[in-house]
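What follows is a single structure, written as structure tokens, with notes after it.
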Amino acid sequence: MIDKDAESWKEVPLWIRMGVWGIRKRSTVLRWELACFLIGCLGLIGVYFHPFMPIVMVFWGSAYWYAVSIRWIDSKKLWL
């Protein structure tokens, strides 16, 4: 869990805070990362069947954002 009221959390860059907005547990953030990755994979497969599906691949970017945010928070030891 993250103590978002702690002084160290207030020094976190905005893009990290937005990446884990409202989520306090690391395991929950990991599940969102996995879900975004899987939806992105479905978009990659679906591009062969429907021309609208590449938009779903935006979830790959979200998965990467979650991954980088998690690793950054891990490196700063901000999880409780």
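At a 10 Å Cβ-Cβ cut-off, how would you order 36, 41, fewest neighbours first?
Going from least to most buried by this count: 41, 36.
Mean residue ellipticity at 222 nm from the helices of the chain, using -39,500 (n - 2.57) per DSSP H segment of n ≥ 4 over the full residue count, to the nearest 500 deg cm²/dmol?
That comes out to -19500 deg cm²/dmol.
Provide the per-residue ³J(HN,Hα) series for the stretch 26-39, in order, calculated from phi with Karplus coefficients 6.51, -1.76, 1.60 and θ = phi - 60°, each as a whole number of Hz, with x at glycine and proline positions.
Each residue of the stretch 26-39 in turn: 5, 5, 5, 5, 5, 5, 5, 4, 5, 4, 5, 5, 5, 5 Hz.
Readers should treat all values here as calculations from the given coordinates under stated rules, not as data from a laboratory. All of these numbers come straight from a predicted model, not from anything done at the bench. Reconstructed Cβ throughout: ideal geometry from the backbone, glycine too, with neighbour counts over all protein chains shown.
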